[in-house]
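First comes the structure, then the notes that go with it.
The values are calculated or read from the model by the stated rules, or taken from the named source; none is laboratory data. In this text the structure is predicted, and so the values were computed from the model without any measurement. Backbone-built Cβ (ideal geometry, glycine too); neighbour counts: all protein chains shown.
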Amino acid sequence: SYRDGTLEKRFNYIDGKQRGRQQLWNSDGSVRANFVMTATRRYGLIGEKVCNGGPSDRTEL
């Protein structure tokens, strides 16, 4: 959370790995990332970049 209590991120993990919906917000409440993580791919938006289902680079946000 940000200092004012605004939610910063909501990540879901299974066996220590990101799985399912992952969300990240800027301090003003705007969406920074909203994607779904499968075992091998990421689908959705990260910043201005569209994740098109290509291989994941597994970068932690």
(request) Tally the residues that are surrounded by 12 or more Cβ atoms within 10 Å (Cβ to Cβ), in a loop (DSSP other than H, G, I, E, B) and among the basic types (Lys, Arg), restricting the search to region 1-20. (result) 1
(request) Those residues that are surrounded by 14 or more Cβ atoms within 10 Å (Cβ to Cβ) and within 20 Å of TYR2 (Cβ to Cβ), I need them from region 22-45; list them, please. (result) GLN22, GLN23, LEU24, TRP25, ARG32, ALA33, ASN34
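Of these, ARG3, ARG58, which one is among the basic types (Lys, Arg) and at pLDDT 85 or above?
From the options ARG3, ARG58, the qualifying one is ARG3.
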